[in-house]
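Here the structure is laid out as structure tokens; the discussion comes afterwards.
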Amino acid sequence: MPDAPVQLSSVCELKSLENGSGQPFTSLLVVRKLAAKTASNGNPFFSLELGDRTGSFGCTVFNDHPAFELLRNAGEGAVIRVEGKIDYYQGRLSPKLGKISVLSETELGAPGLLDNLVELAPENADALWQELNGFIDGIAQPGLQATTRAVFEEVGDAFRWTPAAVSMHHAYRHGLLEHTVHMARACRALLPLYPEVNASLAMAGILLHDTGKTIEYEGTLATKRSRRGILQGHVVLGYQLVRKAGKKAKLSEDLLERLEHIVLSHQGEPEWGAAVYAATPEAVFVSMIDNLDAKMGMVQRALRQATEGDGFSERLPGLNSQLLTRPPEA
């Protein structure tokens, strides 16, 4: 008789185990990050992030592991079959990996396999795209609307699937689209409270602020920064897109400069990637909404990935804290 198929465990299932130390498991996972490091004794090792559509975890593979060279050659974005045992490090899932094999191109073509590996935005991408186009159509100032439309025509479909980050927030397929639409919704809700903010300029700035990420990021199963992303970054790349489109749309020099400033300053602080500090009402407004949605995006993802027994999430670097995941008592 043929061997019974092995039950594959998702990351969510592994994290939901209580007192699972030593329990064996088999999973199909994407190598999201593969960082070569050196231990204090001089031995090289890999710091790995492995994940599927339900979440991810970190673990370590030292140079004496039989699959060390296999992982080096496979690199980020590879899909691997892992047999291991549950273990924890500082309260976080960090399994001990045993047998590892890399899936072939043929195996990757199995129906539904990639769907189980790629994390998606929780909202429907087609509906989000339609909503975003509605926000573009709602920009009242003709030059700003034309500029915004021209940028989206240039970046094309990449905006629909690009993540908003490698790991910090909305770091999954369609994440940039979701993040931008959420910001536009917040903009629409908050504009009546701040009449000093030019509505068309603020909305155009929100829709365009992260368009440079369509150039900064690349990769299908694991997101990494492109050459231009490393050398220039999404703030500068977005500025270039906006300037080119604004000139094409014959946007006035004053409005173009203000729109460029929103893109250049939206990261808030130079250490976070801003080229300058926000210095117009619209730039301050956009930067604050960006910060709000980035942090709430981290909160929403942590809550989605929380299991029933969790009291707190793992530490979220963007919040500098763990997150209480249990809802308030009635």
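We did not get these values from a lab; they are worked out from the coordinates using the rules stated. Given the structure is predicted, the values throughout are model-derived calculations rather than measurements. Note: ideal-geometry Cβ built from the backbone for every residue, glycine included; neighbour counts use all protein chains shown.
Given 68, 38, 102, which one lies farthest toward the positive end of the charge dipole of the range 11-116, if we put +1 on the Cβ of every Lys and Arg and -1 on the Cβ of every Asp and Glu? Of the options given, the answer is 38. Annotation: peptides 118-128, 100-110, 253-263, ranked by per-residue average of other Cβ atoms within 10 Å with the highest first, follow the order 253-263, 118-128, 100-110. Comparing 215, 86, 230 in a Gaussian network model of the chain where C-alpha atoms under 10 Å apart are linked, the largest mean-square fluctuation is found at 230. Label-to-label distance for residue 39 and residue 271 is 3.2 nm, based on points extended 7 Å past Cα in the beta-carbon direction.
At q = 0.19, 0.22, 0.25 Å⁻¹ the log10 of I(q)/I(0) for the range 225-295 amounts to -0.78, -0.97, -1.12, computed by Debye summation with a single uniform scatterer per C-alpha, solvent ignored. Distance from the Cα centroid of the range 85-151 to that of the range 289-330 is 19 Å (rounded to whole angstrom). The computed volume of the Cα convex hull per residue in Å³ for the structure shown corresponds, within (1) 133; (2) 175; (3) 153, to (2).
Cross-link pairs exceeding 20 Å between alpha carbons, from the set 224/247; 37/85; 15/85: 224/247; 37/85. Calculated mean residue ellipticity, 222 nm, the chain: -12500 deg cm²/dmol, from DSSP H runs (n ≥ 4) at -39500 (n - 2.57) each, averaged per residue and rounded to 500. The charge dipole of the range 60-215, taken about its Cα centre with unit charges on the Cβ of Lys, Arg, Asp and Glu (plus for the first two, minus for the last two), comes to roughly 380 debye. Note on the chain: with a GNM built from Cα contacts shorter than 10 Å, the maximum mean-square fluctuation among 162, 54, 180 falls on 54. For the chain, complete DSSP H runs whose alpha carbons reach 27 Å or more along their own long axis and whose mean Kyte-Doolittle score is -0.5 or higher are 281-305.
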